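Just so it is clear, none of the values below were taken in a lab; they were calculated from the coordinates. Because the structure is predicted, anything quoted here is derived from the model rather than measured. Here Cβ is always computed from backbone atoms with ideal geometry, including for glycine, and neighbour counts include all displayed protein chains.
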Protein chains: 2
Amino acid sequence: MRGEVTIDLTGVMAEEIGAAHGLSEADLRRIEPDLVRVASEIADLRRRGMLEVLDLPSVREDLDRIAEAAVKSHGFRNFVLLGIGGSSLGARAIFEACLSPFHNLAPEGERGAPRLFVAENVDPDSLDSLMRVAPPEETLYNVVSKSGTTVETISQLLVVWDRLASSVGKRAAEHLVITTDPERGFLRRLASELGIRSFGVPPGVGGRFSVLTPVGLYPAAVAGVDPLELLDGAAQMDERCRDNGWRQNPALALAGVHYAFDRLKGKGITVMMPYADSLRSFAEWFCQLWAESLGKRTNPAGDPRAPVGQTPVRALGAIDQHSQLQLYVDGPNDKLFSIVAVHRHRAEVRIPETTLPGVREEGLGHIPGHGLDELLSAERSATEMVLLGSERPVLVVDLPEVSAFSLGQMFYLYEWATIAAGMLYHVNPFDQPGVEEGKLLTHAAMGRSGSEKLAERIRSHRQRPDRHRIR
Amino acid sequence: MRGEVTIDLTGVMAEEIGAAHGLSEADLRRIEPDLVRVASEIADLRRRGMLEVLDLPSVREDLDRIAEAAVKSHGFRNFVLLGIGGSSLGARAIFEACLSPFHNLAPEGERGAPRLFVAENVDPDSLDSLMRVAPPEETLYNVVSKSGTTVETISQLLVVWDRLASSVGKRAAEHLVITTDPERGFLRRLASELGIRSFGVPPGVGGRFSVLTPVGLYPAAVAGVDPLELLDGAAQMDERCRDNGWRQNPALALAGVHYAFDRLKGKGITVMMPYADSLRSFAEWFCQLWAESLGKRTNPAGDPRAPVGQTPVRALGAIDQHSQLQLYVDGPNDKLFSIVAVHRHRAEVRIPETTLPGVREEGLGHIPGHGLDELLSAERSATEMVLLGSERPVLVVDLPEVSAFSLGQMFYLYEWATIAAGMLYHVNPFDQPGVEEGKLLTHAAMGRSGSEKLAERIRSHRQRPDRHRIR
């Protein structure tokens, strides 16, 4: 098989870190029936066509249109993705994993793709700065919102549309590519009425599970990352996740380990710590997927059991050894660690022998002559050891390299694991009921008609006396 | 007083969110004696000159040399800070708070400062990419390490020095500015022997508390941010923190609230969520300060009580409403939230009236006509309300604007609060014993002589059978 992502559970076992904090054979036996149940539930749902998200690796009809649209994008100096949350994190993870961190600073000729920006927030300073550096008339905007009505994204669109309309007039529509529901919503309507190029997000695929649809694949293609590689990686992982035994199915194992540590070992926090700068945004993507899918108040049957949901935290090796590691090693033993190891980097950088004075005398004489990759790998092993030595559970996710193919595997692995974890917790991993009220309040505060009562609530919140202000 | 940072504790009180999760008058009475003790301990230590970090706002001797060095930096196209953890996070926070997020993409003439980079990690791909986009011969490096022997930073230095030596020969030393211990360590020795421009970090000030020394102030000056504004902001906060009553002293209040929620209300996680893109790195800086200072195994007297340390998490509004908020609202009630509100942005961006079809029909007719700042502020209020409605404690930190002056206040506020929290927990906020073993292991793996036993341990860890690998 082409370079496989594998996971090593050795560091979560009681034989490695002791029975107080590690999984014993008894613990494994305790969760095994649940894992069997979940695996067969997933297989059954898939047979009935009810888990569309897991079938995405074989959906390839859009690829020609994506490739064609990507070629068109190269007529623009800048590509700006307007989207937030599930509409942006996947593309951001792809850009960061597959491109130079300084892509936008590379000379025009060497880049082979437009400059790439992801505009998520409605911070006026950010959007203003972005429009200065990437003027709308030189920019292609990919407006991404599954519902087609996300207030942040629509607001950004109205701002840039206004600028486009005044600068390029009737050609404004050529500066947009819309990715949204195939039938409904404001963006779909816009695409139809103005003839704007567009892609559909399959109705059964929620925003945070949509990276393997045009939501992630079109920006990938614009950036010169082959969507087929992403899908092939995902398809390979799909094959491996069809096994009902957790010792063979990496996603089932991941789900089971997270669930077991949360429920049996009091690890309410899960830390993903890649040792590669290029996976920082992947870890952010994971944090969204895990938090929004599993952080729930009750199970779908309405059983008001205690709220569930591990808190995902992203760290970055080796940087966070100088920031979070002290807490991880000596603080409360309330975390499960996933260290993501990358075994082949693109560049080789050697620490050269040196004539600088004092290197040997100051105890640094052994550093020259090694590769930076050796240093990074030594640091990773050292971190694993101090965590294990402090009885902290550590699972290791091994990537042969960071590529579109391995990233495709990772996306699929964690999506499958998240769905399985939802079934273990008896929560619906596809909804987000807790954030709907906030959206209604925001619209009310902005003056939506019919929302006067909510508007009154938000007004009175804002005007309540701050009797406990420290000045 | 010039624009003050204030904090509003209304949303953490039992009267707002109920007695199960909010602080009651009885809770406040319970922690009050501890707060009085801590405030007078800090005052006493300061009188005896033993809390140098809190006296930094009045240390201004370096400012002339910093200004002079900053002017020299403008002869270079690029400024690269080589440093990690406490050596980099403060400068990063300053750059992000005070400059355009696209500073490096602005035309040469408009920038008024070199392009700015912070190279933290020893990821070979990152350093290789950086050297391509910012070739050493056009670059000034600020090498920052308090000890002068940080392996990541020294390794980076050896790599760039080699390139400098071969490209600019004897002028290589002019491409470096060193910030390190005034007396000791490899970097100090290098500065002395090669006549490299350098700054000292006061010996009594640890890395993560050093942003108000040349560690943060020199990069600030290079970026065109006035160090005096940072110090003046900090000095103003210093004045406000001299009050022994927590209702007047914002740092004492912050420390007390965090401690009380951790110890009395089971909130082992503290989430800092600014509503401004420009404060993202400030929140990272806070996460380091809080985690590394307070995540400890025992108190200084050696009392092996349960390990302490809240896990700090950074979020970003409004983005994380589409990622983490579902968990925050509906998941376990184990978090204290600090929402950082910014009341004046630099840019004004209005959402224009539009002729786009369907805006009204799709229920978005109320959006045009508002400022993006209004939308961001509505979202912030909505988030506060749903959190409070779900009985989650929310404190609000109000900034009149993001500026060097308000950032100086924030740095000082959180440094003081962290020291006070250390005293409440009875831990030493200035050490990091849990990460020392990892450093020794790393050096051993890299071949330090005399470390053969440790090297053997790391080798056998790496070669242990992975009996629980899922392929």
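For the stretch B:1-55 versus the stretch B:366-385, the inter-centroid distance based on Cα atoms is 31 Å. Take every DSSP beta bridge whose two residues both sit in chain B; close to 10 percent of them are antiparallel.
Listed from fewest to most Cβ neighbours within 10 Å, the set B:S323, B:S155, A:S166 follows the order A:S166, B:S155, B:S323.
Once label points are set 7 Å from the Cα along Cα→Cβ at both A:R60 and B:R171, what is their separation, rounded to one decimal in nm? About 5.5 nm separates the two model spin labels.
Counting other Cβ atoms within 10 Å as a rough exposure proxy, the listed residues A:L399, A:L325, B:L356 run B:L356, A:L399, A:L325 from fewest neighbours to most. Can you compute the modelled spin-label distance between B:R29 and B:E401, with each label point 7 Å from Cα toward Cβ, in nm? Reported label-point gap for B:R29 and B:E401 is 4.5 nm. Given in Å, the Rg to one decimal and the Dmax to the nearest whole number for the Cα atoms of chain B are 24.0, 75. Can you divide the C-alpha Rg of the stretch A:312-378 by 2.2 N^0.38 Å and report the result to two decimal places? Against the empirical 2.2 N^0.38 Å value, I get 1.47 for the stretch A:312-378.
Just so you know, the averaged projected area of the alpha carbon convex hull for the stretch B:56-225 sits at 9.2 nm². Label point of B:H426 (7 Å along Cα→beta-carbon): distances to the other copies' equivalent points are 4.2 nm, sorted ascending. Return the sequence-ordered ³J(HN,Hα) values of the stretch B:212-223 in whole Hz as given by the Karplus equation 6.51 cos²θ - 1.76 cosθ + 1.60 applied to θ = phi - 60°, using x for Gly and Pro. Once rounded to whole Hz, the list reads 8, 10, x, 3, x, 6, 5, x, 4, 4, 4, 7.
Converting phi to 3J(HN,Hα) with the Karplus coefficients 6.51, -1.76 and 1.60 and the offset θ = phi - 60°, the stretch B:357-370 yields x, x, 4, 5, 4, 8, x, 10, x, 8, 6, x, x, 8 Hz in sequence order, with x at every glycine or proline. Taking other C-beta atoms within 10 angstrom as a stand-in for reagent exposure, B:H74, B:H443, A:H468 fall in the order B:H74, A:H468, B:H443, fewest first. FRET efficiency for the B:R459 to B:E437 pair, using the beta carbon distance and R₀ = 22 Å, is estimated at 0.85.
The mean number of Cβ atoms from other chains found within 10 Å of a Cβ in peptide B:208-216 is 0, as a whole number.
Only beta bridges with both residues in the protein assembly as shown are counted; by DSSP, about 15 percent of them are antiparallel. Loop-resident trypsin sites (Lys or Arg not before Pro) (DSSP state other than H, G, I, E or B) in the stretch A:246-278 with no more than 12 further Cβ atoms inside 10 Å of their Cβ are absent. The calculated Kirkwood hydrodynamic radius for the protein assembly as shown is 28.4 Å, given to one decimal from all distinct C-alpha pairs. Here the Karplus relation 6.51 cos²θ - 1.76 cosθ + 1.60, evaluated at θ = phi - 60°, turns the backbone of the stretch A:226-243 into coupling constants of 6, x, 5, 5, 4, 5, 5, x, 4, 5, 5, 5, 3, 4, 6, 8, 8, 7 Hz, with x for every Gly and Pro.
Of the GluC sites (Glu not before Pro) in the stretch B:146-202, the ones in a loop by DSSP (not H, G, I, E or B) with at most 15 other beta carbons within 10 Å are B:E183. For A:M273, the residues whose amide H sits under 5 Å from its own are A:A315, A:S338, A:I339, A:V340, ignoring neighbours fewer than 5 places away on the same chain, with H placed 1.01 Å from N. Distant-in-sequence amide contacts of B:V177, defined by a placed amide H-H separation under 5 Å and a gap of 5 or more residues or a different chain, comprise B:Y141, B:N142, B:V143. Over the protein assembly as shown, dividing the summed -39,500 (n - 2.57) contributions of all DSSP H runs of at least 4 residues by the number of residues returns a 222 nm mean residue ellipticity of -14000 deg cm²/dmol.
Summary for B:G3: label point 7 Å along Cα→Cβ; distances to the equivalent points in the other copies, ascending, 4.7 nm. Of all beta-carbon atoms in chain A, the one sitting closest to the axis that brings chain A onto chain B gives A:V313, 3, with the distance in whole angstrom.
For B:L23, the amide hydrogen comes within under 5 Å of the amide hydrogens of B:M13, B:A14, counting only partners 5 or more places away or on other chains and with H modelled in the peptide plane. Spatially, the stretch A:97-161 and the stretch A:171-203 are offset by 17 Å when compared through their Cα centroids. Each copy carries A:D64; placing its label point 7 Å along the C-beta direction from Cα gives inter-copy distances of 7.5 nm, listed from smallest up.
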